[in-house]
Ligand code: SF4
């Protein structure tokens, strides 16, 4: 991988554009959560596909698709970010998260499973938590069966965070937002119940809350056991595609409070709810959503609250 550009700042988040075989580009990144120092919490953001064929209406990785990254191309991203800060490969961070949630739906790339099998041998990282976010496409049963085995064997006891991005409890709106055939709530619940064992992190149901799409606690309760599933809520990031889809965030990215009617209802239903507002500056850097930089280079039209950091040549 050749790093060709970067943006952001090291006191919050840095995003890089890497050039792989065939001149195909990926984004990769790292972030911390001020005021916590890096040694308390460090997060890597890793791509698994060149673009994404899923086409979610809120995601800037969705504009195109040029194939899957190989195992080595995924590991190269991780290696670049780790060796830059910790050349020995010993990572002294209390929480060290590797999130496969940048460009690409990870379950569409079987090489992800090889990466997960190899990762633990490459570094000394006692704080490692792997986080995999998925929209649960149909046809990925074999991937998820294998993922379950790997988690049981290598990442039990809280070293794995599985997240299903579902965004709304309206079936028709979920279909519009994530326009592929995918598992229904019953299938997600069934798999999550098998996946989770005592000592694991709960399986997260992710919602990028919008004003336009409902979240109904009673519908969630009829499928998802609060003892196994938690709810993670974020603002809708100011992506180009969210703007084009005329979707607006329910949570203000500058609000500091968690108290709102949806969160109250979900908590009253018994769910653990994590409200992850993030840093406003991350929107300017574009570290929140896949493929922002490349899209930014293609589309110079300015967004009011996003993507204002300049992309610098690297090296
Ligand atoms: S949100 Fe994930 S699955 Fe959807 S288009 Fe973006 S990368 Fe693909």
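Based on the Cβ-Cβ distance from residue 222 to residue 180, what FRET efficiency comes out when R0 is 30 Å, to the nearest 0.05?
The pair residue 222/residue 180 has a calculated efficiency of 0.80.
Mind running the shape call on segment 40-136? Use the C-alpha gyration tensor, a ≥ b ≥ c as the square roots of the eigenvalues: rounded below 1.5 for a/c, prolate if a/b tops b/c, oblate otherwise.
Verdict is prolate for segment 40-136.
Just subtract the alpha-carbon distance of residue 260 and residue 21 from 0.36 nm times their residue separation and send over the number in nm, one decimal.
Gain on stretching residue 260 to residue 21: 81.4 nm.
Which order results if 88, 131 are arranged by neighbouring Cβ count within 10 Å, fewest first?
Taking fewest neighbouring Cβ atoms as first place, the list is 88, 131.
If R0 is 35 Å, what FRET efficiency do you get for residue 172 and residue 70 from their C-beta distance, rounded to 0.05?
E between residue 172 and residue 70, to the nearest 0.05, is 0.40.
When a footprinting reagent is the concern and you count Cβ atoms within 10 Å, what order do 138, 146, 56 take, fewest first?
Starting with the residue having the fewest Cβ neighbours, the order is 138, 146, 56.
For 275, 43, which order do you get if you count the other beta carbons within 10 Å of each Cβ and list the fewest first?
Going from sparsest to densest Cβ surroundings: 275, 43.
Take residue 122 and residue 194, extend 7 Å from each Cα along the Cα→Cβ direction, and tell me the distance between the two endpoints in nm.
Each label point lies 7 Å from its Cα, and together they span 2.9 nm.
Let me know the shape class of segment 2-313, please: from the alpha-carbon gyration tensor, a ≥ b ≥ c as square roots of the eigenvalues, rounded when a/c is under 1.5, otherwise prolate if a/b is greater than b/c, or oblate.
Judged from the Cα gyration tensor, segment 2-313 comes out rounded (a/c under 1.5).
Just so you know, all these numbers are worked out from the coordinates, no wet-lab data involved. Bear in mind that the values here come from a model prediction, so they are computed numbers and not experimental data. Positions of Cβ are backbone-derived with ideal geometry, glycine not excepted, and every protein chain shown enters the neighbour counts.
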